[in-house]
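I have placed the structure first, in the form of structure tokens, so that the comments after it can refer back to it.
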Amino acid sequence: MDLDLLPDGVVVADRDGLIEHLNTSAERLLGVRAVECIGKPVRDVLTLDNRQGSVWFDCVHPYDGLETRTRLTEQSWFTAHGDELLVTARLNRSKPRGPVEHLVIGLRDSKGRARLDRERSDMVATVAHELRSPLTGVKGFTSTLLKKWDRFSDEQRQFMLETVDADADRLTRLITELLDAARIDSGRLTLRIQAVNVGELVERVLSNISAGIGRTLNVTIDAAHATVWADQDRLTQVFTNLIENALNHGEGLRSVTVREPVDGRGGVVVSIEDFGPGIAEEDRTRVFNRFWKGGQGAGSGLGMYIVAGIVDSHQGQVEIGSVADGPGACVTVWLPNNVPAGLAS
């Protein structure tokens, strides 16, 4: 494999500590040129220190020390220009306890790790906040009931228990969303692929939501063959989320349309329009970020992130635009046919 194709810096030295290879990423991170480093001692090229004056090579002793060592743990070191690098190394020995035949050093810019750590910290803080709100209600009502049960009427007790039940449902939904988001992040979102008639699926979603709100919601189906190969439950999750968003945050559902793509790429397009003020153009990509919230009454901020993750796992596409004949947002989902290879004609 060509080491120059790797995103991380790689430096390879022989048994004498002389550099044999230094890839382009290592050139960039160390501020050196490979042609000038080949054949030089690795100690003279990796002039990294820990800000206390200690040099990396003298601290880790890659060619000395314990004969059982095969790798050096990742540590933070600094270049002469003050740039922080994450450095690890592999000690290749021809036999156990034998001399080091090759020293392979890995270099990585710490900025990406720091950004990831900040994102994780922000996520933990956001999750804690989202969980605390319903838990506070549950704890408050249950504690009050346990201490003062006899002071409340049956109607008051029922109201408190109904509130606790609603908060428990909210916690369940949030935990489910967090698990789905984690599966999407890690690439472990599983799909049960089968033939799905998208028009019929959207009709079922609208029927279920209609029963809950007490009024009829309709869909326009203009697709002659609205069947794709997909995970039926996951698509139900997608369209339920989008339609409920239109009802709850888009000031009402304007229309739902299932049609064939006009650009000839195949598959099915579902468009969901609402009566709301619309979504500003600069926010239309941010909507799909984790924990993005668009104003008062917003949910956990994970719904659209999960929608995008599910659609992407089907090799589809979801976009937000404007309604053609008035204010409002239009969310468009394109799903390819994804016909299994064995069934394709």
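A short reminder: the numbers here are calculations on the coordinates, not readings from a lab. Predicted model, so just to flag it, every value in this text is computed and none were measured. Cβ sites come from the backbone with ideal geometry, for glycine too, and all protein chains shown count toward neighbours.
Brief remarks on what is shown
- Taking 0.36 nm per residue of separation and subtracting the current Cα-Cα distance, fully stretching the chain between Lys40 and Glu251 would add 69.1 nm.
- Once exposed loop trypsin sites (Lys or Arg not before Pro) are cut out (DSSP; at most 10 other Cβ, 10 Å), longest piece of the chain: 216-345
- Nearby lysines by direct alpha-carbon distance to Lys147 (threshold 17 angstrom, same-chain neighbours under 8 apart not counted): Lys139
- Linear extension gain, Asp4 paired with Arg71, 0.36 nm per residue minus alpha-carbon span: 21.9 nm
- Range in the chain, longest, excluding exposed GluC sites (Glu not before Pro) [loop by DSSP; at most 15 other beta-carbon atoms within 10 Å]: 68-250
- Each residue, Ala224 and Asp150, gets one label point 7 Å from its Cα in the Cβ direction; the gap between the two is 7.7 nm.
- Cross-link partners of Lys40 among lysines (Cα-Cα below 27 Å; sequence separation of 8 or more within a chain): Lys95
- With the alpha-carbon atoms of the stretch 121-228 aligned to their principal axes, the span from lowest to highest coordinate is 63, 41, 21 Å, starting with the largest.
- The stretch 1-47 and the stretch 128-174: distance between their alpha carbon centers, rounded to Å: 62 Å
- Correct option for Cα Rg over 2.2 N^0.38 Å [calculated from the coordinates] among (i) 1.00; (ii) 1.20; (iii) 1.42: (iii)
- Förster radius 35 Å - calculated FRET efficiency between Cys59 and Glu281 (Cβ-Cβ, nearest 0.05): 0.10
- The dipole here belongs to the stretch 113-186: it is taken about the Cα centre, uses +1 on the Cβ of Lys and Arg and -1 on the Cβ of Asp and Glu, and is about 380 debye.
- Taking the stretch 7-110 and dividing mean pair separation by its residue count, relative contact order in percent (alpha carbons under 8 Å, at least six apart): 29 percent
- Cα-based convex hull volume of the stretch 193-335 per residue, rounded to whole Å³: 112 Å³
- Put a dot 7 Å past the Cα of Ala128, heading toward its Cβ, do the same for Gln317, and the two dots end up 4.1 nm apart.
- Crossing angle, helix 154-186 versus the chain [Cα axis fit, 0-90 degrees, rounded to tens]: 40 degrees
- Prolate/oblate/rounded call for the stretch 55-98, Cα gyration tensor, a/c under 1.5 rounded: prolate
- With the charge dipole of the chain set up from +1 on Lys and Arg Cβ and -1 on Asp and Glu Cβ about the Cα centre, the Cα lying farthest toward the positive end among the listed residues Pro336, Thr257, Ala324 is that of Pro336.
- Over the chain: helical MRE at 222 nm, DSSP H runs n ≥ 4 each giving -39500 (n - 2.57), nearest 500: -13000 deg cm²/dmol
- Taking the longest Cα principal axis of the chain as reference, the axis of helix 303-313 is set at about 70 degrees.
- Taking the square roots of 5 times each eigenvalue of the Cα gyration tensor of the stretch 1-122, largest first, gives ellipsoid semi-axes of 23, 17, 15 Å.
- For the chain, the relative contact order comes to 10 percent (Cα pairs under 8 Å, sequence separation of at least 6).
- At an R0 of 51 angstrom, the distance between the Cβ atoms of Ala211 and Arg90 translates into a FRET efficiency of 0.25.
- Between helix 232-248 and the chain: long-axis angle, C-alpha atoms, 0 to 90°, nearest 10: 70 degrees
- For the chain, size of Cβ-based charge dipole, Lys and Arg +1, Asp and Glu -1, in debye: 1000 debye
- Per the Debye calculation on the stretch 29-77 with a single equal scatterer at every Cα and no solvent contribution, log₁₀ I(q)/I(0) for q = 0.27 Å⁻¹ amounts to -1.14.
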